[in-house]
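Student: Please see the structure below; I have some questions.
Any read-out appearing in this document is the output of simple, stated calculations on the displayed coordinates, not a laboratory observation. If you're wondering where the values come from, they're calculated on a predicted model, not measured in any experiment. Methodologically, a virtual Cβ is constructed for each residue, glycine included, from the backbone with ideal geometry; neighbour enumeration extends over all protein chains shown.
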Amino acid sequence: MLNQELKNQIVSRVLPGVRTPGQYVGGELNSVVKDHATVRGKVCLAFPDTYALGMSHHGLQVLYSLLNAGDWACERVFTPLPDFEAGLREHGLPLTSLETFTPLRDFDVLGFSLQYEICDTNVLTMLDLGGIALHADDRGPEGTLVIAGGPGGQNPELLAPFIDLFVIGDGEPSLPVVCELWTGMKSSGLSREEKLARIAAECPWAYVPRFYEPIYGEDGTIVEIRRTRDDVPASVRPCVIQDLEGTPLPTKPIVPFVETAHDRIAIEIMRGCPWQCRFCQSTVIKRPLRYRTVETIVQSALESYESTGYDEISLLSLSTSDYPHFEELVTRMSEVFTPLGVKISLPSLRITETLKKIPALLQEGRRSGLTLAPEVARDDMREQIRKPINNTDLYDGCAEAFRRGWRKVKLYFMCGLPGERKADLDGIVEMAETIARIGKEVTGRYADVTAAVSNFVPKPHTPYQWNGMKPREYFHWAHKYLRSRVRVRSVSVKVHDIERSLLEGILTRGDRRVAAAVEEAWRRGARLDAWTEYFDANLWWKTFEDMGIDVPFYSQRERPVDEVLPWDHIHIKYGRDYLAKEQNRSVVQLEAMAGAV
């Protein structure tokens, strides 16, 4: 049911003064509008970043399609850009959904998809603008249930004061259950706390922060994470889809009015990863490995194409070339979509002998650059991070791509890994330049090669979660050193912003005490910190200083394996013991590397 009066006010009073107003009006192709009087409940999916990024997120389209296929009204909201936020505040208007211009406070459930810890302040912006009390303890028994899930919530403590309930694991089976339970208790007379306790008791993957209390020791570390109720689980285990094939893909994805980060169809072909890289959080939290059939993927892609008209289809997974029927899939996709002028994109390729077959499998589709993630360039460091790849496979694959018309290669690396040496940085440049020279050998001109280097942040639920992050000075030196080593003009080194990485380090690894500083930084104006034009590092560092937050204690300190971590009550498939064993093996390998130098 459209709130026409509120829409008119926003359109006439706010939108004339904002940039790209098309992102705030809704009504896109394949969006769904339902009469609120005829549905079981109202759910709003909240993506705590801009429309351009949120509409490129496959998970949002999946959940939107899933809920709207049933008798729920599922709508969307994104973080407004500063000009739209200012306009709403100036005119005293709330943040609303795109479908019906319903204020966020009027939904039964508001669900945040947390993809990146740097976006935490965006959650506060959306709650505040949406008319929902910032702190979970201040919400009444019938107020909107605020939930959150996604990889950015694997350490939920930074947002614990603001979120009623975190969903750990897969959202497709868990979100409908939470919505059902919450709306089923509407007008029951139960307090908000009792309602949340019932959900937590029934759903082992539901984490309600108010029922858990961290106990700190004199040295500032956590001694214990104590339950405040006996009827909630002592530890929270992820919700897992066992049958991915039986979980429908969205075949009528929403087509945005404005340009987004990825204007294309996305099809998830596999969930999980067969590899166990020590730095990678996704490979840990996405287990077990599950697949869709070739027929399901091709048919879903064709239906999505027919309902959108997109000219690019991206086959998504953590490691697309490890899909067990990869060659058959790419061949079929190319046969079906190349005659239609549709490009097949493979954004996540493992460097194996399969790599050199890919250019031929894609036939004559439009060719962009080849994107690969070797992460490191030296064999002993690969053994250390547990990413076994072969340089011969990498170079052979690039050579074949150049023969078939590709001209650019982008390589993803990390710097600041445990045990990193100058030789590892040298190897990054050497690998990039070798590929550029292979391009010259094959085509007569040097290939354009970009080495994109990110700053390593140890993540929760990985074997490196006990490691410290390198300090600011190290990253400045490493970036300068990498650029100084480049000799081939067609090779460029692009590095991630150091200050943002350092902020990510504390927001990823902090405990509940840091949450107060997140709120204070937001009150001081922190907004859209993932965006260079809005990120203010000095604001954050001054806030931490004023709030007495010891940043290196959280981000740079090496933690003993027996220390209680802020996220220890959130379990993963293989458990903490597995991570500790991998960490101890890593230490042994690091000692061997150091002894070999």
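Student: Would you mind ranking Thr443, Thr79 so that the residue whose beta carbon has the fewest other beta carbons within 10 Å leads the list?
Tutor: Details: Thr443 15, Thr79 26.
Neighbour counts put them in this order, fewest first: Thr443, Thr79.
Student: Still on this structure: For a footprinting-style exposure proxy, rank Lys252, Lys494 by other Cβ within 10 Å, fewest first.
Tutor: Ascending Cβ contact count within 10 Å gives the list Lys494, Lys252.
Student: So, with +1 on the Cβ of K and R and -1 on the Cβ of D and E, and no other charges, what is the size of the charge dipole of the stretch 241-348 about its Cα centre, to the nearest 20 debye?
Tutor: Values: 10 positive and 14 negative charges, 107 e Å.
With Lys and Arg at +1 and Asp and Glu at -1, about 520 debye.
Student: Starting from the Cα-Cα distance between Glu563 and Glu295, subtract it from 0.36 nm times their residue separation and give me the gain in nm to one decimal. Please report the intermediate quantities before stating the final value.
Tutor: Working: separation 268, 0.36 × 268 = 96.48 nm, distance 4.79 nm.
Gain on extension, Glu563 to Glu295, equals 91.7 nm.
Student: Continuing with this model, one more query. Go through the stretch 469-485 residue by residue and turn each phi into a ³J(HN,Hα) via Karplus (6.51, -1.76, 1.60, θ = phi - 60°); whole Hz please, and just put x for glycine and proline.
Tutor: 8, 5, x, 3, 4, 5, 5, 4, 5, 4, 5, 5, 5, 4, 5, 6, 8
Student: Given 0.36 nm per residue, what is the gain on full extension from Ile215 to Ala516 after removing their alpha carbon distance, in nm? Don't jump to the answer; show the numbers that get you there.
Tutor: Values: separation 301, 0.36 × 301 = 108.36 nm, distance 1.68 nm.
Extending this stretch completely gives an extra 106.7 nm.
Student: Among the lysines, select those whose C-alpha is under 26 Å from the C-alpha of Lys7, and discard any that sit fewer than 8 residues away in the same chain.
Tutor: Output for Lys7: Lys34, Lys42, Lys252.
Student: Can you give me the relative contact order of the chain as a percent, contacts being Cα pairs under 8 Å and 6 or more apart? Mind showing how you got there, number by number?
Tutor: On the way: 1099 pairs, mean separation 77.9, N = 597.
It rounds to 13 percent for the chain.
Student: Count the net charge of all other residues whose Cβ sits under 12 Å from the Cβ of Pro173, scoring Lys and Arg as +1 and Asp and Glu as -1.
Tutor: Working: positive: none; negative: Asp170, Glu172, Glu180, Asp243.
Summing Lys and Arg as +1 and Asp and Glu as -1 gives -4.
Student: For Cα extents along the principal axes in Å, the choices are [x] 154, 70, 58; [y] 145, 60, 60; [z] 73, 64, 46; which was calculated from the structure?
Tutor: [z]
Student: By how many nm would the segment from Thr331 to Arg585 grow when fully extended, if each residue of separation counts as 0.36 nm and the alpha-carbon distance is taken off?
Tutor: On the way: separation 254, 0.36 × 254 = 91.44 nm, distance 4.04 nm.
Using 0.36 nm per residue and subtracting the Cα-Cα distance, I get 87.4 nm.
Student: What's the magnitude of the charge dipole for the chain around its Cα centre, counting Lys and Arg as +1 and Asp and Glu as -1 at the beta-carbon? Answer in Debye, nearest 20. Mind dumping the intermediate values first?
Tutor: On the way: 71 positive and 82 negative charges, 322 e Å.
Roughly 1540 debye for the chain.
Student: What translational diffusion coefficient, in µm²/s and rounded to a whole number, does the Stokes-Einstein relation yield for the stretch 241-348 at 20 °C and a viscosity of 1.002 mPa s, taking the hydrodynamic radius as the Kirkwood radius over Cα pairs? Could the numbers behind the result be given before it?
Tutor: Details: Rh = 14.6 Å.
Rounded to a whole number, D works out at 147 µm²/s.
Student: Quick one: putting +1 on the C-beta of Lys and Arg, -1 on the C-beta of Asp and Glu, what dipole do you get for the stretch 68-201 around its Cα centre, in Debye to the nearest 20?
Tutor: Numbers: 8 positive and 21 negative charges, 44 e Å.
Result for the stretch 68-201 is approximately 220 debye, rounded to the nearest 20.
Student: If neighbour count is taken as other Cβ atoms inside 10 Å, put Arg89, Arg350, Arg290 in order from fewest to most. Intermediate results must be reported in sequence, preceding the final value.
Tutor: Working: Arg89 12, Arg350 21, Arg290 18.
Taking fewest neighbouring Cβ atoms as first place, the list is Arg89, Arg290, Arg350.
Student: What 222 nm value per residue comes from the helices of the chain, counting each DSSP H run with n ≥ 4 as -39,500 (n - 2.57) and dividing by all residues, nearest 500 deg cm²/dmol?
Tutor: On the way: 20 runs with 214 residues, N = 597.
It lands at -11000 deg cm²/dmol.
Student: Oh, and also: Taking 41 Å as R0, compute the FRET efficiency from the Cβ-Cβ separation of Arg485 and Gln4 and round it to 0.05. Intermediate values should be presented prior to the final figure.
Tutor: Values: r = 61 Å, r/R0 = 1.50.
Computed FRET efficiency for Arg485 and Gln4 comes out at 0.10.
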